[in-house]
Structure formats: structure tokens, C-alpha cells
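> Below is the structure I would like to discuss, written out as C-alpha cells.
The values are calculated or read from the model by the stated rules, or taken from the named source; none is laboratory data. Just so it is clear, the model here is predicted, and its values are computed rather than measured. Positions of Cβ are backbone-derived with ideal geometry, glycine not excepted, and every protein chain shown enters the neighbour counts. SASA here: full protein model, heavy atoms, side chains in, ligands and nucleic acids out. Shrake-Rupley method; radii C 1.70, N 1.55, O 1.52, S 1.80 Å.
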Amino acid sequence: MRSWLETASDHFTARHDETDAEAAAEVLELLESTRERLGRVFPELPEEVAVVIHATDAQLMIAQPLLPLRRLITAPAARRYLAGGVSRREVHVLSPARLEERASAVTGSREMLMLTPAALYARLVVAANNPLLTPPRTIGRTVRSLRWAWLAAGAPAWFAGQTAHARPAISRRLHEGAEPDFPPGLRDAALLGGTVIDLLAREEGEIAAVNLAMHLDAGGPKQALVRAFHGRPLVHTEGTWRAHLAKLASSG
């Protein structure tokens, strides 16, 4: 039976299979660089984050029992990219070798998957700065998390750099199923949530994206987007977003 080892960096501690020691060092290096970058724009960073690197998908699903359900309710184009989960101070993620195995042959798939640890840590950073986006423990928080799923998943994906590699997945999504809602619903939150943040950052700058992630508007997601885009009617922002999606899907 293989044993678990522990590897530490300045701000993270990783638990991993003994055969994944080198890979764990790479994950910790990615997380340290992500922490340094996010620390420049977010005032709060979570402390004492533990990273559990799982050698198999079965191990991961035992640690994150809601992951199979999350995959089931997510659009097929994005399911392969759900390769981890978080708790208050823990990141659970597949090992780099298993992440590579999940990648498809299209450009960007491997890059998105290899950034999974960074995106999961970014989710903890967003939650540290906006406690209303922490993993839900009550019915009220569950309802809120469903309404804001596009932000809870999209902001971390964008800040981690995953959205920049999502073109093929976005293209597939636009050719499969019904037209996505705006803002994206639960089915599309993981893949398309980051594109809303990307549009905001392009038009209003990175700080506008940070502010959106840090504060939930009492009027709900639609009112939050009206405010984020300086009062522009939601229907116009939606049209701009759909054009942005089409451009992302067709860009080389």
C-alpha cells in the first residue's frame, strides 16, 4: 500500500502519494506564484492552506462527494475541467499526471487543466474577500450560491488564467444545447462565468473585476452587472457578451 507524504512551501502544505513528490513541488510552485499575483489585487489572502493531491479520480470523489453531481449538472463541454474542489482551508485536486490524462487533444485543454490548482486556490481567495461566496452550509447560502455560481466559479477561473485557454471548450458549448443564459446559469457557470469577468476586465479594468468578486449586490446578479458596467442596460451588456463569446469561440 502506498503511503502519503507531506511537502511544504512558504504558504502551503501538500499531502500526496509518495510517487507524486516531484509533481507536488510543481503544484506548490504554481500556488505560490498565484498567491503572489492575487495578493497584488485582493486585500485578504487565506492562511495555512492545505493541498491534497489525489492520485486517482476515485480518491478525489471520496474526498469531494459532491463532485460527481457537479459534473452531471455541468454542460458536457466543461465537465472534464471539474478536477477538484475546496473546503474552507483545503484544496483537493488531481495530480498533474491525472490532469494531463483528462485533457483532450484540442489546444488549450491541457493548459486549463494544469491551472486547476491555481483556480481552486483563487476560489479560496475570492471567498476570503467575500464571505458570502464561501461554500454553502445552510439552505439560504445554498440558494444564494446557485444564483451567484457564475461569479463564484468564473472569477477564480479568470484570475487563475483558465479563461484565456477556454476557446475550444466555449466553441463546443455554443454548438451544443440551448443558448446560454446571461448571466450564465449553473450548467454553464464553470466554463462561461469567466467570460463575463473577462468582458468586464477588458472594458473596465482588472480592479472592476476584483470589485465585482468582492461584493454581492443586494439587488442580485443582474443588478450587479448593471452597476459593474456603469449603469448600462443589461440587455446591451448581454448583447456585447454574446458577441464576445462568439469572438472567443472563433479566435485562433
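> Across segment 163-252, what fraction of all alpha-carbon pairs, as a whole percent, falls in each successive 5 Å bin from zero upward?
3, 13, 26, 28, 18, 10, 3, 0
> Could you tell me the extents of segment 88-214's C-alpha atoms along the three principal axes, largest first, rounded to whole Å?
40, 32, 30
> Comparing R35, R167, R202, which has the greatest mean-square fluctuation in the GNM of the chain with Cα pairs linked when under 10 Å apart?
R202
> Net charge near H54, counting Lys/Arg +1 and Asp/Glu -1 over other residues with Cβ under 11 Å of its Cβ? Kindly include the intermediate steps, with their values, before the conclusion.
Values: positive: R15, R98; negative: D17, D20, D57.
Summing Lys/Arg as +1 and Asp/Glu as -1 gives -1.
> Hey, could you pull the Cα Rg and Dmax for segment 1-143, both in Å?
Computed over the Cα atoms of segment 1-143, radius of gyration and Dmax are 15.0, 44 Å.
> Which helices count as membrane-span-like in the chain under these terms: full DSSP H, at least 18 Å along the axis by C-alpha, Kyte-Doolittle mean of 0.5 or more?
Flagged H segments are 116-129, 189-204.
> Still on this structure: Starting from 0.36 nm per residue, how many nanometres of slack lie between E6 and V235 once their C-alpha separation is accounted for?
Working: separation 229, 0.36 × 229 = 82.44 nm, distance 5.07 nm.
77.4 nm is the gain from fully extending E6 to V235.
> Now for a separate question. Which order do H175, H11, H92 take by accessible area at a 1.4 Å probe, largest first? Show your work: numbers first, answer last.
Working: H175 155, H11 75, H92 20 Å².
Final ranking, largest accessible area leading: H175, H11, H92.
> Find how much the distance from H215 to E29 grows on full extension, using 0.36 nm per residue of separation minus their present alpha carbon separation; answer in nm with one decimal.
Details: separation 186, 0.36 × 186 = 66.96 nm, distance 2.96 nm.
Additional length available on full extension: 64.0 nm.
> Which residue fluctuates the most in the chain, going by a Gaussian network model with Cα springs under 10 Å, if the choices are H16, H230, H215?
H230
> Using alpha carbons only, what's the Rg to Rh ratio of the chain with Rh from Kirkwood? Intermediate results must be reported in sequence, preceding the final value.
On the way: Rg = 17.5 Å, Rh = 18.4 Å.
Rounded to two decimals, Rg/Rh equals 0.95.
> How far apart, in nanometres, would the label points at L72 and E22 be if each is projected 7 angstrom from Cα along the Cα-to-Cβ direction?
Distance between the two pseudo-spin positions: 3.9 nm.
> So what's the net charge close to H244: Lys and Arg +1, Asp and Glu -1, counting the other residues with Cβ under 9 Å from its Cβ? Write down the numbers at each step before the final one.
Numbers: positive: R202, R242, K247; negative: D198.
The answer is +2.
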